[in-house]
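A.B. asks: Below: one structure in structure tokens.
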Amino acid sequence: MAPASLLVLVFLALPMLLMLRYSFNSFVPGKFMVEAFTADNYVTLATDPYYRHVLGLTLTVSISVTILTLIVGWPVAQFLARTQSRHKGLLLLAVVLPLFAGNAVRAAGWMVAFSRQGLINGLLGALGLIDAPLDIMFTPTAVIIGIVSVNLSYVVLTLSSVIEGIDRRAEEAALSLGATPFETWRLVTLPLALPGLLAAGVLSFILSMNAYATPVLLGGPSFQMMAPVVADQVLQRANWPFGASLGFVLILITLLLTAGANWLVGHKYGR
């Protein structure tokens, strides 16, 4: 494991420690970054209403996306895991295929669909459901739909692999003992798939928290999530210390979520 550990240390751990050190520096316009050791950047993040709103919006969108991807992804994953169709390979390919397109490309496609003269407004108008075009672009709804479309493939692949590993005889035994299909899913399939469900949820949440292209393109300049704000602080304003502190807040939330999910799974199955 030494070569892999060395690569992780050199290309991940050391740069992250350097960024952590930068987050305690001071930013002075005209002087770029001043060596210091101050918590002002983190204090600003905690006390400034704007950044608290950005963090709250990011958490709200990430939680909403995670719930939606799990709800939409589970039936697809269970169908893929249990189907005996000879076209199962093509179905899996259909799930994987969107991953070959970049997030910006998919967001651009949603921009076309969400525009006032786009596919969705045209379809709703043709069906007589609306009298005037809906303003879908540059709304939280557009951002959530766009991020769900990005994360859904990851969630389906994660869940399908877990469900496929569940012994079908356990489900058949429950059905033979008088359980309904829903009771079998609730009492047998869901508990056995819980670790995979949590893993898929954590993965979707992390991807949502760090989403950049989709919020920028579908949310517009007034819709600010953490990743675009970090990029703006580092690339546009050259405020590396504050950008580093924002980045570490994202990392901390991710680590806490992962640790919490691992504790929950270990506590439940250990008990």
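A.B. asks: For the range 97-120, indicate whether the set of residues that are of a type in the set (S, T, N, Q) and in contact with a helix residue (DSSP H, G or I) (Cβ under 7 Å, 6 or more places away or on another chain) is non-empty. Reasoning before the result, please.
C.D. replies: Here is the first cut: in the range 97-120, the residues of a type in the set (S, T, N, Q) are 103, 115, 117.
Next, from what is left, pick out any that are in contact with a helix residue (DSSP H, G or I) (Cβ under 7 Å, 6 or more places away or on another chain): 103.
There is at least one residue in the range 97-120 that is of a type in the set (S, T, N, Q) and in contact with a helix residue (DSSP H, G or I) (Cβ under 7 Å, 6 or more places away or on another chain).
Yes/no per residue for (1) closer than 25 Å to Tyr51 by Cα; (2) free of Cβ contacts under 8 Å to residues at least 60 places away in the same chain; (3) aromatic (Phe, Trp, Tyr):
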residue: Met1; (1), (2), (3): no, yes, no
residue: Leu7; (1), (2), (3): no, yes, no
residue: Phe11; (1), (2), (3): no, yes, yes
residue: Leu14; (1), (2), (3): no, yes, no
residue: Leu17; (1), (2), (3): yes, yes, no
residue: Phe27; (1), (2), (3): yes, no, yes
residue: Gly30; (1), (2), (3): yes, yes, no
residue: Val34; (1), (2), (3): yes, yes, no
residue: Thr38; (1), (2), (3): yes, yes, no
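A.B. asks: Could you check how many residues of the range 224-256 are open to solvent by 60 Å² or more (accessible area, probe 1.4 Å) and either closer than 22 Å to Ala199 by Cα or not in a loop (DSSP other than H, G, I, E, B) (or both)? So that I can check it myself, show each step before the final result.
C.D. replies: Taking the range 224-256 first, the residues open to solvent by 60 Å² or more (accessible area, probe 1.4 Å) are 235-237, 240, 252, 255-256.
Adding the requirement that they be either closer than 22 Å to Ala199 by Cα or not in a loop (DSSP other than H, G, I, E, B) (or both) leaves 235-236, 240, 252, 255-256.
The number of residues fulfilling the criteria is 6.
A.B. asks: Please go through (1) closer than 25 Å to Leu207 by Cα; (2) open to solvent by 70 Å² or more (accessible area, probe 1.4 Å) for Met19 and return the number of the only condition it doesn't satisfy.
C.D. replies: The number of the failed condition is (2).
A.B. asks: Six or more apart or on different chains, Cβ atoms under 7 Å: show the pairs whose first residue is in the range 76-88 and among the small types (Gly, Ala, Ser) and whose second is surrounded by 12 or more Cβ atoms within 10 Å (Cβ to Cβ).
C.D. replies: From the range 76-88, the pairs are Ala77/Val156; Ala77/Leu159; Ala77/Ser160; Ala77/Ile163; Ala81/Ser160; Ala81/Ile163; Ala81/Glu164.
A.B. asks: Just to be sure, is Ala227 touching a strand residue (DSSP E or B) at 6+ places or on another chain (Cβ under 9 Å), within 28 Å of Thr38 (Cβ to Cβ), among the aliphatic types (A, V, I, L, M) and touching a residue at least 12 places away in the same chain (Cβ under 8 Å)? Can you show your working first?
C.D. replies: Details: touching a strand residue (DSSP E or B) at 6+ places or on another chain (Cβ under 9 Å): no; within 28 Å of Thr38 (Cβ to Cβ): yes; among the aliphatic types (A, V, I, L, M): yes; touching a residue at least 12 places away in the same chain (Cβ under 8 Å): yes.
No.
A.B. asks: Among the residues of the range 67-92, what is the count of those that are of a type in the set (Val, Ile, Thr), modelled with pLDDT of 90 or more and exposed (fewer than 14 other Cβ atoms within 10 Å of the Cβ)?
C.D. replies: Quick first cut of the range 67-92, residues of a type in the set (Val, Ile, Thr) only: 67, 69, 71-72, 76, 83.
Next cut, modelled with pLDDT of 90 or more only: 67, 69, 71-72, 76.
Checking which are exposed (fewer than 14 other Cβ atoms within 10 Å of the Cβ) leaves us with 71.
So the answer is 1.
A.B. asks: When the residues of the range 204-223 are filtered to those that are open to solvent by 50 Å² or more (accessible area, probe 1.4 Å) and touching a residue at least 12 places away in the same chain (Cβ under 8 Å), which remaining residue is farthest from Ile67 (Cα to Cα)? Talk me through it step by step, then tell me what you get.
C.D. replies: Taking the range 204-223 as the starting set, the residues that turn out to be open to solvent by 50 Å² or more (accessible area, probe 1.4 Å) are 207, 210, 212, 216-217, 221-222.
Cutting the leftovers down to touching a residue at least 12 places away in the same chain (Cβ under 8 Å) gives us 207, 210, 212, 216-217, 222.
Details: Leu207: 13, Asn210: 17, Tyr212: 20, Val216: 22, Leu217: 22, Ser222: 25 Å.
Out of the qualifying residues, it is Ser222.
So that you can scan it fast, the table gives a plain yes or no per residue for (1) open to solvent by 40 Å² or more (accessible area, probe 1.4 Å); (2) touching a Phe, Trp or Tyr at 6+ places or on another chain (Cβ under 9 Å); (3) among the β-branched types (Val, Ile, Thr):
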{"residue": "Phe100", "(1), (2), (3)": "yes, no, no"}
{"residue": "Leu123", "(1), (2), (3)": "yes, no, no"}
{"residue": "Asp131", "(1), (2), (3)": "yes, no, no"}
{"residue": "Ile136", "(1), (2), (3)": "no, yes, yes"}
{"residue": "Ile147", "(1), (2), (3)": "no, no, yes"}
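A.B. asks: One residue is enough: does the range 186-201 have a residue meeting the conditions open to solvent by less than 50 Å² (accessible area, probe 1.4 Å), among the β-branched types (Val, Ile, Thr) and part of a helix (DSSP H, G or I)?
C.D. replies: yes
A.B. asks: In addition: Taking the range 172-185 only, how many residues are surrounded by 14 or more Cβ atoms within 10 Å (Cβ to Cβ), part of a helix (DSSP H, G or I) and touching a Leu at 6+ places or on another chain (Cβ under 9 Å)?
C.D. replies: Selection size over the range 172-185: 2.
A.B. asks: Still on this structure, please answer the following. Go through the residues of the range 115-136 one by one and say whether even a single one is assigned to a loop (DSSP other than H, G, I, E, B) and under 26 Å from Leu70 (Cβ atoms). I'd like the intermediate steps shown before the answer.
C.D. replies: Filtering the range 115-136 down to residues assigned to a loop (DSSP other than H, G, I, E, B) leaves 115-118, 127-136.
If we keep only those that are under 26 Å from Leu70 (Cβ atoms) too, we end up with 136.
Yes: the range 115-136 contains one or more residues that are assigned to a loop (DSSP other than H, G, I, E, B) and under 26 Å from Leu70 (Cβ atoms).
A.B. asks: Within the range 29-44, track down each residue that is surrounded by 12 or more Cβ atoms within 10 Å (Cβ to Cβ) and over 30 Å from the mean Cα position of the chain (by Cα).
C.D. replies: Passing the criteria: Phe32, Met33, Ala36, Thr38.
A.B. asks: Right, another one. May I ask you to list the residues in the range 142-171 that are among the acidic types (Asp, Glu) and part of a helix (DSSP H, G or I)?
C.D. replies: Across the range 142-171, the qualifying residues are Glu164, Glu171.
The values are calculated or read from the model by the stated rules, or taken from the named source; none is laboratory data. Keep in mind the model is a prediction, meaning the values are calculated, not measured. All Cβ positions, glycine included, derive from the backbone under ideal geometry; neighbour counts span all protein chains shown. We work out accessible area using only protein heavy atoms, side chains counted, and drop any ligands, DNA or RNA first. Shrake-Rupley method; radii C 1.70, N 1.55, O 1.52, S 1.80 Å.
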